[in-house]
Amino acid sequence: MAIEIERKFLLRNGNWRDLVSSSTRIAQGYLNAEPARTVRVRVKGEAGFLTIKGKNDGISRLEFEYPIPASDALDMLKLCPNVLDKTRHLVAIDGYTFEIDEFHGANSGLIVAEIELSSETEAFPQPAWLGEEVSGDARYYNSALSEKPFSSW
């Protein structure tokens, strides 16, 4: 069983951009965005993915991700009512990787850092640019941002 344990944070001003090791443009949409389960299709760079996620239980949830042909993913994105556009920046600190999503379009101005952990109580580095934790705030779920963008708050 695949369990995702993830914490999500807003960012403060800081030097995180100086620490980026790679950046990739991502387009993603939701074929299903019910709270009990989401089905996401994503084109990340030149690769396609289909992901099924279960309902959040704290910061944990079931997650199953499968590579699919990018051409299929592009066609599936046409079935999605809204498509998120973001750039994912990777920042490694002390053996941990922060995935920093910088949103574009209707979510422009929103930058969120996520870190995946092996347990809910695991300690992890907290650089000065890491701001308020929003792990439990449903407004920051990507599925929610696709339906109610940051610019409409």
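The values are calculated or read from the model by the stated rules, or taken from the named source; none is laboratory data. Just so it is clear, the structure is predicted and the values come from calculations on it, not from any experiment. Cβ atoms come from the backbone with ideal geometry, glycine included; neighbour counts cover every protein chain shown. Surface areas here come from the heavy atoms of the whole protein model, side chains and all, with no ligands, DNA or RNA. Shrake-Rupley method; radii C 1.70, N 1.55, O 1.52, S 1.80 Å.
Just want to confirm a number: the relative contact order over the chain, from Cα pairs under 8 angstrom separated by 6+ residues, in percent.
Over the chain, the number comes to 31 percent.
Can you give the Kirkwood hydrodynamic radius for the stretch 97-144, in Å, rounded to one decimal and based on Cα pairs?
Hydrodynamic radius (Kirkwood, Cα pairs) of the stretch 97-144 is 12.3 Å.
Can you tell me what the convex hull of the Cα atoms of the stretch 6-57 projects to on average, as an area in nm²?
For the Cα atoms of the stretch 6-57, the hull's average projected area reads 5.1 nm².
Which whole-number value in Å² is the accessible area per residue of the stretch 44-85, probe 1.4 Å?
61
Which three semi-axes in whole Å describe the equivalent ellipsoid of the stretch 1-87, each the square root of 5 times a Cα gyration tensor eigenvalue, listed largest first?
Equivalent-ellipsoid dimensions as semi-axes: 23, 20, 12 Å.
Along the stretch 16-30, what does the Karplus equation 6.51 cos²θ - 1.76 cosθ + 1.60 (θ = phi - 60°) give for ³J(HN,Hα), rounded to whole Hz, x for Gly and Pro?
Going residue by residue, I get 4, 4, 5, 9, 5, 9, 7, 9, 9, 7, 10, 10, 9, x, 10 Hz, with x marking Gly and Pro.
How are the C-alpha pair distances of the chain spread across 5 Å bins, as whole percents from the shortest bin up?
Distribution as computed: 2, 9, 17, 22, 23, 17, 8, 2, 0 percent.
Whole angstrom only: what separates the Cα centroid of the stretch 1-67 from the Cα centroid of the stretch 78-153?
8
Rounded to the nearest percent, how much of the accessible area of the chain (1.4 Å probe, protein heavy atoms only) is carbon and sulfur?
With neighbouring chains kept in place, the figure for the chain is 51 percent.
With a 1.4 Å probe and all protein chains in place, put Thr121, Thr51 in order of accessible area, largest first.
Descending order: Thr121, Thr51.
Among the trypsin sites (Lys or Arg not before Pro) within the stretch 43-102, which fall in a DSSP loop and have no more than 14 other Cβ atoms within 10 Å of their own Cβ?
Hits after loop and neighbour filter: Lys55, Lys78.
Could you pull the Cα extents of the stretch 40-93 along its three principal axes, largest to smallest, in whole Å?
33, 28, 21
Per residue of the stretch 105-111, in order, report the coupling 6.51 cos²θ - 1.76 cosθ + 1.60 (Karplus, θ = phi - 60°) as ³J(HN,Hα) in whole Hz, putting x for Gly and Pro.
Residue by residue, the stretch 105-111 yields x, 5, 9, 4, x, 8, 10 Hz.
Hey, what did the stretch 80-153 get for relative contact order, percent, Cα under 8 Å, at least 6 apart?
Reported relative contact order: 28 percent.
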